[in-house]
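None of the figures in this text is laboratory data; all of them are computed from the coordinates on show. Nothing here was measured: the structure is a model prediction, and the numbers come from that model. Here the Cβ is made from the backbone with ideal geometry for all residues, glycine too, and neighbour counts use every protein chain on show.
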Amino acid sequence: MARQEPPRAPAQQPASPADDASAVGTLARIRAALPSLAPSERRVADAVLADPAQASELSISALGERANTSVATVMRFCRAIGITNYPQLRLALAAAAAREDALGGERPAPGTDISATDTLDQIVSKIVYNEIRALEDSGAELDIEVLGRAVDAVAGARRVDIFGIGASAFVGQDLHQKLHRIGHMAFIWTDRHAALTATALLGPGDVALAISHSGETEDTVEPLQAAAERGATTIALTNVARSSLAESADLVLTTCARETPFRSGATVSRIAQLALIDCLFVGVAQRSYDATTAALQKTYGAVQRRKRPQPPRRTPAAD
C-alpha cells in the first residue's frame, strides 16, 4: 500500500480585511492564552508561534511530535484558543504567515527580549515592533459588544472607582484624569486599604474598574470582588482572560501583550492597556458629544495661563 502524504495546507489566496483580522486574532489568542495553558499545551503554542508558516504545513501528528506531545494534546490546545478543529488552525496559521510576508522587511520575532549586545537601533526596532504588535493584537481581539456594555456602564455611573497597582496604576490615573476632565465623578485607588475602604460606599449604579496585566495581583483582585459584593458593576482590564480578576468581573476587556523578562510589566502591556482605556473613554465621551466638547474646552483653558508665551519668530527681514 502506498504511503499517504500528509494533507497539504490549502493554497494561500490574497487575504481579505476579515481574513487579516482573523490571522492577527489567532496568534493574539495563542499569546494571551499562554499563562493558562497546561505545560504540554504550552509546548504546542511555542512550536506554533516560533514558525506559523511551517506549523501550517504540518499534520496534526507531526506538530505533536515537534512539541513532544500527543495528538490529543494538540486538539486540547485548539479548543483552548477557541478553534474547533485542526484544519481550521492550519488555515489560520497560513493566513497569519501570508500576512507577515505581505508586510515584508526584516523584523524581530514577537516577544524578542533586549540582549546585552543589541545596538541602539536594534533596541528601538524591538520596542517599536513589539508595541505595534501588542496594539494590533489587542485591537483584533477586542470584544466590541463587551466594550459597548462597559461604555454604557461608565457613562451612566454615579461614580467610577479605579483600582491599579504599580505600572497598572499609571494607566488607572490616565483614565481618572480623562473622566474628571469631562465632568464624571471618578477616583483612583493605588493602595489596597484605601481601595477596600472606597468599596464600602459603592452600590448598584456605581462602577468599579480594576487593571492588572496578570489578573492575579491580590491588591487589585480583592477590591474588585468587594465592589461586586456591594452590587457595583465590575470591569476588569487584563491580559489573561482566565485570571482571577476576569472571573471576578461582570465585563472583561483583554489586552494581547506578551511581556519579555527585560521589560516585564513595564512597557508593552502598558501601551496596550492605555489603548483600551482610550477606546473606553472616547466611547463614554461620545455619548455626550456637545457637553464633552464644552468641558474639554473649559479644562484646557483653565491651564493655558500657566504656559509660557511663545517668543516671536524671527523673520529673514529682521536678520
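In the neighborhood of LEU296, defined by Cβ-to-Cβ distances under 12 Å, what is the net charge if each Lys or Arg adds +1 and each Asp or Glu adds -1? Charge balance in the 12 Å sphere: +2. Evaluated over the Cα positions of the stretch 140-302, the convex hull gives a direction-averaged projected area, one quarter of its surface, of 9.3 nm². When Lys and Arg each count +1 and Asp and Glu each count -1, what net charge do the other residues less than 10 Å away from ARG192, Cβ to Cβ, add up to? Neighbour charge sum, excluding ARG192 itself: -4.
Pairs of C-alpha atoms in the stretch 33-189 farther apart than 21 Å represent 63 percent of all such pairs. By other beta-carbon atoms within 10 Å, ranking SER244, SER115, SER36 with the fewest at the front produces SER115, SER36, SER244.
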